[in-house]
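Working notes, structure below.
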Amino acid sequence: MSFGTVTEFENKIAEYFGSKYAVATDCCTHAIELCLRYTEVPFLEVPTRTYISIPFLAKKLGIELKWKDEEWNDYYYLGDTNIIDAAVLWRKNSYINKTFMCLSFQFQKHLNLGRGGMILTNDKEAAIELKKMSYDGRNPDTPWREQNIETVGYHYYMTPEIATIGLKKLPEAMTTTPRKWVITDWPDLRKMGIFQAKN
């Protein structure tokens with residue numbers, strides 16, 4: 001099994017959502033983290049109702065966390081950026097141009113791979129760099145010992161085994177109706193002790 005399977009899966013997801021490029025990751029949270037690192041945002045602004053790992057990224061990146069009250073549907077922008085948390089979105093040709101749209105394949109999502117994520121983009125240079133960042137800073141097509149690595153990497157890549165599952169499940173996911181998530185599927189994170197104590 002080779003990483004060519006991952007590329008095939010990336011290409012099929014990009015085609016379905018309507019982006020030029022897709023970068024597979026081990027989860028959506030890490031996809032978002034890579035985009036935040038790549039764009040070097042000065043702070044992180046998230047809705048009060050979202051998955052708990054997203055606001056934790058502020059602490060991890062050493063930036064300020066800001067909350068926003070937002071009744072979002074299917075996806076939301078991370079503040080005034082072009083980074084989108086689209087973890088619960090599943091809709092053909094729904095990619096928004098000039099954004100980094102991050103998908104989830106976690107076990108509760110429409111395309112359930114147990115774990116996995118994806119970054120959609122139309123920016124070729126960004127896709128190349130984000131791919132390197134997900135693969136320990138290296139080009140996945142060449143053994144790392146043979147490369148002069150110049151990009152800081154984070155070991156967030158999708159394995160060929162997960163991509164293979166994705167390719168098998170994708171046809172059914174494309175022809176079935178996804179669950180419709182509502183804002184109350186997530187609690188108000190500001191009420192949790194961890195965020196009251198730190199912010």
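Within the range 145-193, work out how many residues are in a helix (DSSP H, G or I), exposed (fewer than 13 other Cβ atoms within 10 Å of the Cβ) and not acidic (D, E).
7
If a residue must be part of a loop (DSSP other than H, G, I, E, B) and within 13 Å of L120 (Cβ to Cβ), how many such residues does the range 75-93 contain?
Residues that pass the stated criteria total 8.
In the range 75-103, what residues are closer than 15 Å to A22 by Cα and surrounded by fewer than 16 Cβ atoms within 10 Å (Cβ to Cβ)?
Selection gives K92, N93, N97, K98.
Determine which member of the set E70, E125 is assigned to a loop (DSSP other than H, G, I, E, B) and either without any contact (Cβ under 8 Å) to a residue 60 or more places away in the chain or not polar (S, T, N, Q) (or both).
Going through E70, E125 in turn, just one is assigned to a loop (DSSP other than H, G, I, E, B) and either without any contact (Cβ under 8 Å) to a residue 60 or more places away in the chain or not polar (S, T, N, Q) (or both): E70.
Looking at the range 67-83, which of its residues are under 17 Å from R37 (Cα atoms) and touching a helix residue (DSSP H, G or I) at 6+ places or on another chain (Cβ under 9 Å)?
If the condition is that a residue be under 17 Å from R37 (Cα atoms) and touching a helix residue (DSSP H, G or I) at 6+ places or on another chain (Cβ under 9 Å), then L78, T81, N82, I83 are the ones that fit.
Given the conditions (1) at pLDDT below 95; (2) surrounded by 16 or more Cβ atoms within 10 Å (Cβ to Cβ), report the number of the one that F107 does not fulfil.
Failing condition for F107: (2).
What number of residues within the range 1-56 are free of Cβ contacts under 8 Å to residues at least 60 places away in the same chain, buried (at least 18 other Cβ atoms within 10 Å of the Cβ) and farther than 20 Å from E70 by Cβ?
Of the residues in the range 1-56, 0 are free of Cβ contacts under 8 Å to residues at least 60 places away in the same chain, buried (at least 18 other Cβ atoms within 10 Å of the Cβ) and farther than 20 Å from E70 by Cβ.
Does L120 meet the test of being touching a Leu at 6+ places or on another chain (Cβ under 9 Å), touching a residue at least 12 places away in the same chain (Cβ under 8 Å), at negative phi and assigned to a helix (DSSP H, G or I)?
So L120 does not fit the description; no.
Can you name the number of the only condition in (1) over 16 Å from the mean Cα position of the chain (by Cα); (2) under 21 Å from Y156 (Cβ atoms); (3) in a strand (DSSP E or B) that L44 fails?
Among (1) over 16 Å from the mean Cα position of the chain (by Cα); (2) under 21 Å from Y156 (Cβ atoms); (3) in a strand (DSSP E or B), the lone unmet condition for L44 is (1).
Results for (1) over 27 Å from V23 (Cα atoms); (2) at pLDDT below 95; (3) basic (K, R), shown as yes or no for each residue.
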site	(1), (2), (3)
V152	no, no, no
H155	no, no, no
M158	no, no, no
L167	no, no, no
P171	no, no, no
T177	no, no, no
D188	yes, no, no
Q196	yes, yes, no
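Can you name the residue in the range 3-45 that is touching a helix residue (DSSP H, G or I) at 6+ places or on another chain (Cβ under 7 Å) and of a type in the set (S, T, N, Q) and is also farthest from D136 (Cα to Cα) among such residues?
T5
The values are calculated or read from the model by the stated rules, or taken from the named source; none is laboratory data. As the structure is a computational prediction, the values presented were derived from the model and not from experiment. Because the Cβ atoms are built from the backbone with ideal geometry, glycine has one as well, and the counts that use them run over all protein chains shown.
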